[in-house]
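First comes the structure, then the notes that go with it.
The values are calculated or read from the model by the stated rules, or taken from the named source; none is laboratory data. Remember, it's a predicted structure, so these values are computed and weren't measured experimentally. All Cβ positions, even for glycine, are placed from backbone atoms using ideal geometry, and neighbour counts span all protein chains on display. Ligands, DNA and RNA are stripped out before the accessible areas are found, and what is left, the full protein with its side chains, is counted by its heavy atoms. Shrake-Rupley method; radii C 1.70, N 1.55, O 1.52, S 1.80 Å.
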Amino acid sequence: FIAVAASIALLATVGLPALSALRAKSQRAQCAGNLGSVFRGVSLYQQAFDGSLPFAGQVAGSAWLPGLSRERPFASNSRHVFLIARLSYGKPGDFICPSCKMAKPMPADELADYDDFAACCNLSYASLNLSGDNPTLRPRSQMAYMSDANPLFTTARFDAGIDPSRANSSAHGRRAGQSVMFLDGSVRWMTSPMVGKQNDNVWLAGRLRKYNGTETPYDADDAFLIPGFPKTDKQFHQRQWQ
C-alpha cells in the first residue's frame, strides 16, 4: 500500500506540472486565435468604412478611466472595438481570453441594444487608445492594436508601483507574457511590452509615468493599449465611487 501511494504521489508530482504547462499552451493558442478573429473583424470594418479603424466617435473633454471626477464625462475605450461585434464583423466570444476565468461573452442577442459591452467581464483585452482630438484612425500596419490586459490599469487606476518596462499582463501569469495583435494581421506571443526598433512600450503613452485617464498616444506611431470599462456596467462604476 505504501509503495502504491508513493508511486501515485510521484506520478502526480511529475504529471501535474506537465498538465499545467499543456493547459497554458493551449490557452495561449486559443487566445491568439481569438485575437486573429478580431483582426479579421477590423479588416471587414475598414473595408466598409474607407480604411478607418472601428471608431465610435469623440466625447469632448472625456476620460477613459472611471471614477476620477464627476465633472468630467467618462467614455470607455471599449466602445470602439464593440462595433466589430455589434456590426457582426466578429463574435462576442472573440473578445474573451480563455485564461480569464471570470470573463464571459456578451449574449449575441443583446448586441443591438447596446453601444458598448454590457459588462467589464465581456472584454478581456486592451486596445489602441482612440481618445483625444485627433485619434490615430489609420495607423501604420505594424502597430500593435490589441493585447491581453494592460497590467498597469487592472483596477481602473494607474498602478505606479509596477515597472512598466518589465510588466507583463496578468492574463497568462504576470511573468509569462502576453498575446499582442498587430495591424498587419499577425498575433505574437511576447515576453516583454517593448515593441519594434524604437522599443515602444505598448502599456504607455510615450514614456509618461503618471496617468489620470485623459492621456492620449504620444504620436501617430505610439501604440498605447488601454482597458475598456463599459459605462453600462453600473455595478462596477458604483464601486469606483465607494
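Orientation-averaged projection of the range 143-218 equals 5.0 nm² [convex hull of Cα atoms, one quarter of hull surface area]. Extension gain for residue 62 to residue 234 (0.36 nm times residue separation, less C-alpha to C-alpha distance): 60.1 nm.
Helix 2-48 against the longest principal axis of the chain: what's the angle in degrees, Cα atoms only, rounded to the nearest 10? It is inclined by approximately 20 degrees. Panel values: the range 51-142, Kirkwood radius from alpha carbon pairs, Stokes-Einstein at 37 °C and 0.692 mPa s, translational diffusion coefficient 230 µm²/s.
So what is the calculated 222 nm ellipticity per residue for the chain, using -39500 (n - 2.57) for each DSSP H run with n of 4 or more, over all residues, to the nearest 500 deg cm²/dmol? Provide the component values of the computation, followed by the final result.
On the way: 3 runs with 63 residues, N = 242.
Helices in the chain give a 222 nm mean residue ellipticity of -9000 deg cm²/dmol.
Distances between every pair of Cα atoms in the chain, grouped in 5 Å steps from 0 to the bin holding the largest one, split as 1, 6, 13, 18, 19, 17, 10, 5, 3, 2, 2, 1, 1, 0, 0 percent. Pairs of Cα atoms nearer than 8 Å and 6+ residues apart set the relative contact order; for the range 114-206 it is 23 percent. The largest accessible area among 170, 43 belongs to the first residue in 170, 43, and the rest follow in falling order (1.4 Å probe, all chains). Distance between the pseudo-spin-label points of residue 43 and residue 159 (7 Å out from Cα toward the beta carbon): 3.5 nm. Accessible-area rank, largest first, for 120, 97: 120, 97, with all protein chains present and a 1.4 angstrom probe.
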